[in-house]
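Below is one structure; the comments refer to it alone.
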Amino acid sequence: MSRILMILKTQNLRNDQRVLKEMKSLTDEGANVNVFVSKNCDTTEEELGYPMKEINIIGGAAPKNTLIRMIGVVVFYIKCMFYLAFRRKKFDKVWICDPIMFGLILLIKLFFPKIKVIWDHHELPPKWFISNKYLMSMFAKAYQKADIIIHANRSRCDYLEENLKIVAQKKIIISNYPASVNSVATELDEKSMEWLEKNPKFIYLQNSLQDNRFGSTVIKKLIDKEIPVFHAGKIDHEYMQKHGLISDFLYTAGYLSFQQINFILKNCTGTIILYKQDSLNQIYCDANRLYQAMSLGVPILIGDNPTLIETSTNYRDKLIWKNENIEILDECLSVFVEKFSDKKKVGDMSPEAFLWSDYNKDFDYINRS
């Protein structure tokens, strides 16, 4: 049985679905999983269900200030190395998430060469990082020293390796597929259910109260058309106030469970998934909600980001908004709502199965390697 330390820096461990699925899959394949984490939520060890060592770093898990973030990363490195050095029960593998952890990989390989490193690239480094030759040189060394590299999609992997000018010796693509596509759906609280009863035809958005997902633009246009919008995820009252999004046509539910999102997706007219193409992680996004929606046969409106196009190639019930053309977005939203508003009634759904269990063999390989 492998003893694996999952090393994480995350804002909300409770809702970090990809990480939670990875932990469960490793455990299901026989691994003994422990967690070393810096987080900005109050998730307890009992709630998580795995032995957990929580640490505090300056600025928290994801401060906006770059200098504070870098200081926090260095503190994270130091605390993690001390934890590995002085823990009585040793680990034979570490699973490291986040590209900023490249320095930690180099340190582990220097001081604990027997520990195997799995480097899970949930994101790409920012452009300013990639343009820095010194940082990319260090990053490339870490990329080569890691025993297994994991990427969320092929486009993201190809982009990074083209810039590094190296190819990982062992890499695995693990996209953010849903844990299941069964019919398990949990109803929401009373207030949410009352809103849904009053607005049977609505558009579902998730974590879209931010400009890099065209949040204010899309929501304002839908509100102006008197099309109800159900939003799940972080609620930013300041953002809503600033952009004039306070309306009876917009309902903000906060964070929801996977089963609750299933319920919303099964009852919505469609869902909109847009990312501005002004950063690498926006361009090469890997939206778990896209897979979840397609697995349930829900109509989708997406942008022409390469990964969104790649993922939905064979999906029938979609509309693509091309080239971030704001002038045609209004028309595109109208066409989307009109085209799919009665789809549930006629039963003309066309789900495409994406199953996290498709990766069982990969987790088995990681555990045994």
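No lab work stands behind these numbers, since they all come straight from the coordinates. In this text the structure is predicted, and so the values were computed from the model without any measurement. No Cβ is skipped: glycine too gets one built from the backbone with ideal geometry, and neighbour counts run over all protein chains shown.
Relative to its Kirkwood radius, the Cα radius of gyration of region 244-369 gives an Rg/Rh of 1.01. Based on C-alpha pairs under 8 angstrom that are at least 6 apart in sequence, region 71-123 has a relative contact order of 41 percent. Residues M138, M240 in ascending order of nearby Cβ atoms (within 10 Å, fewest first): M138, M240.
Calculated [222 nm] ellipticity per residue, helices only, for the chain: -12000 deg cm²/dmol; basis is -39500 (n - 2.57) per DSSP H run with n ≥ 4, divided by all residues, nearest 500. Across region 190-346, Cα pairs under 8 Å and at least six residues apart give a relative contact order of 20 percent. Only helices at least 27 Å long along their axis, Cα-based, and averaging -0.5 or more on Kyte-Doolittle count here, so list those DSSP H runs from the chain. Sorted by number, the helices that extend far enough and score high enough are 66-86. Counting only aspartates and glutamates at least 8 places from K127 when in the same chain, those with an alpha carbon closer than 12 Å to its own are D278. Explain nothing, just the number: relative contact order of region 11-56, from Cα pairs under 8 Å at least 6 residues apart, as a whole percent. Contact order relative to length: 40 percent. Amide H contacts of K53 (H built 1.01 Å from N, in plane; Pro and chain starts excluded): V35, F36, V37 sit under 5 Å, all sequence-distant by 5 or more or on other chains.
For region 261-369, the set of trypsin sites (Lys or Arg not before Pro) satisfying both a DSSP loop assignment and a count of at most 14 other C-beta atoms within 10 Å is given as R316, K322. Kirkwood analysis of the Cα pair distances in region 1-49 returns a hydrodynamic radius of 11.1 Å. Rounded to whole numbers, the Karplus 3J(HN,Hα) couplings from phi for region 230-247 are 9, 10, 10, x, 4, 9, 10, 4, 4, 5, 5, 5, 4, 9, x, 9, 6, 7 Hz, using 6.51 cos²θ - 1.76 cosθ + 1.60 with θ = phi - 60°, and x at Gly and Pro. Taking other C-beta atoms within 10 angstrom as a stand-in for reagent exposure, T217, T271 fall in the order T217, T271, fewest first. In order along region 165-174, the Karplus-derived 3J(HN,Hα) couplings, from 6.51 cos²θ - 1.76 cosθ + 1.60 at θ = phi - 60°, round to 6, 9, 10, 5, 5, 9, 9, 10, 9, 10 Hz, and Gly and Pro are given as x.
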